[in-house]
Amino acid sequence: MVDKKGLVKKILNTKEKFTKGAVIREPGSTKNYKTGNWRTFKPTIDQAKCIKCGKCWAYCPDAAIYKDEKGNFQVNYDYCKGCLICQKECPVKAISYAVEEK
Ligand code: SF4
Ligand code: SF4
């Protein structure tokens, strides 16, 4: 069994130097950092094939998929990093991709 109090005491008393990590000062701050310019692959949703299951939306690690006013799933290219998880997860292969052109 781990002695948590002892472990905390040990960490606080250590002479070891730790590298400072990033600090997130306010929630939702990732909105301020558009990550779309990192993209190598650009996904495109074929609305004719899409069955609107929402799997791409659920699996996108960057929350870069959204539903437009017509109820169609779209890619927000300001934040899409081109990981293609959406394309792999789409059950009807409605998402294709191309090499990003800058
Ligand atoms: S390629 Fe990756 S980041 Fe872009 S929409 Fe698909 S899952 Fe999200
Ligand atoms: S996973 Fe495919 S079928 Fe489902 S909403 Fe996304 S694009 Fe449409």
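No value in this document is a laboratory result; all are computed from the given coordinates. This structure is a prediction, so every number in the text was calculated from the model and none was measured. FYI the Cβ positions are ideal-geometry reconstructions off the backbone, even for glycines, and counts take in every protein chain you see.
Within the listed set 20, 67, 34, the Gaussian network model of the chain (springs between alpha-carbon atoms below 10 Å) gives the highest mean-square fluctuation for 20. Cα axis of helix 4-13 to longest principal axis of the chain: angle in degrees, 0 to 90, nearest 10? It is inclined by approximately 80 degrees. For the pair region 43-64 and region 1-23, the centres of their Cα atoms are 43 angstrom apart. Computed over the alpha-carbon atoms, the chain gives an Rg to Rh ratio of 1.24, Rh here being the Kirkwood radius from the mean inverse distance. As a size descriptor, the averaged projected area of the C-alpha convex hull of region 51-102 was calculated at 3.8 nm². Exceedance of the 24 Å cut-off in Cα-Cα distance is limited, within the set 52/88; 70/102; 67/93; 55/102; 67/102; 52/81, to 70/102; 55/102; 67/102.
Please list 44-52, 82-90 highest first by mean number of surrounding beta-carbon atoms within 10 Å per residue. Don't jump to the answer; show the numbers that get you there.
Values: 44-52: 12.6, 82-90: 18.3.
Result, highest mean Cβ count within 10 Å first: 82-90, 44-52.
A cysteine counts as unpartnered when no other cysteine's C-beta lies under 4.7 Å of its own; in the chain this applies to 50, 53, 60, 80, 83, 90.
Once you keep just the Cα pairs under 8 angstrom separated by 6 or more residues, what percentage relative contact order results for region 33-102?
On the way: 119 pairs, mean separation 32.9, N = 70.
Relative contact order here is 47 percent.
Here the dipole of the chain is about 580 debye; that uses its Cα centre as origin and unit charges on the Cβ of Lys and Arg (positive) and Asp and Glu (negative).
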